[in-house]
Structure formats: structure tokens, C-alpha cells
Amino acid sequence: MEGEDDRERRIVEARLRLRDRFLEKTRATPAASDARPLGSGPPNRHGMPKLPVGQTETAKWPVLDLGRQPGVSRDRWRLRVAGAVEHELDLSFEDLLALPQVEVVSDFHCVTGWSRMDLAWKGVLAEALLERAEPRREASHILVHGYDGYSTNLPLEEALKPDVLVAHQVDGAPLPGEHGGPVRMVTPQLYAWKGAKWISRIDVLSSDSPGLWEKNGYSNTAHPWRNDRYDR
Ligand SMILES: Nc1nc2c(c(=O)[nH]1)N[C@H]1C(S)=C(S)[C@@H](COP(=O)(O)O)O[C@H]1N2
Ligand SMILES: [Mo]
């Protein structure tokens, strides 16, 4: 049987390999590389201005879904990571809590024009899940699914950013069902539709495959700091 130390070393090595493979691409993504991002307000996270162009700050937090909230309990919730990986994962809520927990404060920009600022998320880095699954050489994208039938796609270099979480708490409380609880993904450097609520599966792919909104006219890349909302 593999010992704790061996397993830890394997995870560390897998993480470093994954970082190495995507470091340059991550650095070259718009949020990180634009010298003059589009927006206004004092500079804050990632050296960006506070609000991306065309966004208005909201104090309350709207709920956006497909008209159905699947109502998955913590007991029934599972997350599979499958596809072009060495080790498929099938995690329970308890398994998720056993992984390293991180807290990240970030902003939430909906493509419809509202931004909810300073949400304090707690959960597991998407990177931490991916490193455990070990994407194969050819892996380049993920397609993330929700229990409501939703899907959305991301290139690995976006998914590996240090604020992309698979989150189960927000502002110190369990993530409410209407906001995707028990567990959702958040992608603070992209429009919020890229974060699947009620997350059920992450498919690791060797080519890009559009999700629901991406098939229906939304931008594939979804960079708020470039006003990159819809297909042009
Ligand atoms: N599973 C699922 N995830 C989803 C959606 C959805 O309809 N289903 N809507 C997306 C959109 S368009 C946005 S803006 C955010 C909204 O999250 P909220 O309802 O917590 O504000 O979730 C995204 N993730
Ligand atoms: Mo949205």
C-alpha cells in the first residue's frame, strides 16, 4: 500500500507538473496580462479596477438559474472528476472537507450587468482537485456540470487560477441552496456563468467543448475586464 509520505510527494509532484505546464498560459490570460483593463474605480484585486466596464454594484445577491433548483442534500451530493485523467475522483461532501480548505475573498460579476463585491468563499481549490486527478498530457479544457443539467467550459489555465474554488461556504455560512449549495464552483476572474452551481461533474477534455450558454451566444472566453460578454 502507498504510504502517506509517498502519496503526499506524488500530489506535490503532480501539482508542480500541472503548474509548469500551464504557468505561461495563465500569465497570458487577459485578467493577468492587460496593462489597461477596461473599468473604473480604485485598483484592487489582481491590480484591476474595482468594477469591470458595464457593471453596477449590487448590495443584494440576485439568484440566476434555469428555473429549477435541484435541491441536493450534503448526504446525496457527489462530485466526479473524469475524462482525460490518470485517476478519476468520486468525492462525497466529507471527502471534500478532508481536502485542504482555503478562503478567498472575491467579486462576482454577472454578464447581465450586476456585480456582488467581496464575497468570502471557503472550499477547495479547483487546482487541488485537478492535481489529484492528474490530467493526462493531452488535457486542455474542462466541462463542468451541475445537478440541474447546466454545463460550462473552461480552459485549464483559467481553472487553475488561485481563486477558482469548489466552494461550500460563503460569508461564514453554508452555501445556500439557491446560490448553488451544497457545493458550487466560482471563477472570480471570469463572468459568473463560468461557475457551475450544484456542481456534479468535472470532465477533463483534450479539446474545447462549449457549455450551455457558450452554445447559446455567450462568449467562450468571458473576460469581464475586456467587456467580453457575447459572441461577436
Ligand atoms: N448549475 C447552474 N450554475 C449556474 C447557473 C445555472 O443556471 N445553473 N447560472 C449561472 C449564472 S448566469 C450566474 S450569473 C451565476 C449566478 O449565481 P447566483 O445565483 O448564486 O447569483 O451562476 C451561474 N452558474
Ligand atoms: Mo449570469
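Key figures
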| item | result |
| --- | --- |
| Search result, residues across segment 216-227 that are surrounded by fewer than 20 Cβ atoms within 10 Å (Cβ to Cβ) and either out of contact with any strand residue (DSSP E or B) (no Cβ under 9 Å at 6 or more places or on another chain) or assigned to a strand (DSSP E or B) (or both) | N216 |
| Members of segment 91-109 that are more than 16 Å from A126 (Cβ to Cβ), among the charged types (D, E, K, R) and open to solvent by 80 Å² or more (accessible area, probe 1.4 Å) | E94 |
| Answer from L91, L97 - the residue that is at pLDDT 95 or above, closer than 21 Å to P174 by Cβ and assigned to a strand (DSSP E or B) | L91 |
| All positions within segment 57-70 that are polar (S, T, N, Q) and either open to solvent by 90 Å² or more (accessible area, probe 1.4 Å) or near ligand 1 (Cβ under 6 Å from one of its atoms) (or both) | Q69 |
| R132 vs. criteria open to solvent by 40 Å² or more (accessible area, probe 1.4 Å) and touching a helix residue (DSSP H, G or I) at 6+ places or on another chain (Cβ under 7 Å) | yes |
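The values are calculated or read from the model by the stated rules, or taken from the named source; none is laboratory data. None of the values given here were measured: they were computed from a predicted structure. Cβ coordinates were reconstructed from backbone atoms using ideal geometry, including for glycine residues, and neighbour counts include every protein chain displayed. Ligands, DNA and RNA are stripped out before the accessible areas are found, and what is left, the full protein with its side chains, is counted by its heavy atoms. Shrake-Rupley method; radii C 1.70, N 1.55, O 1.52, S 1.80 Å.
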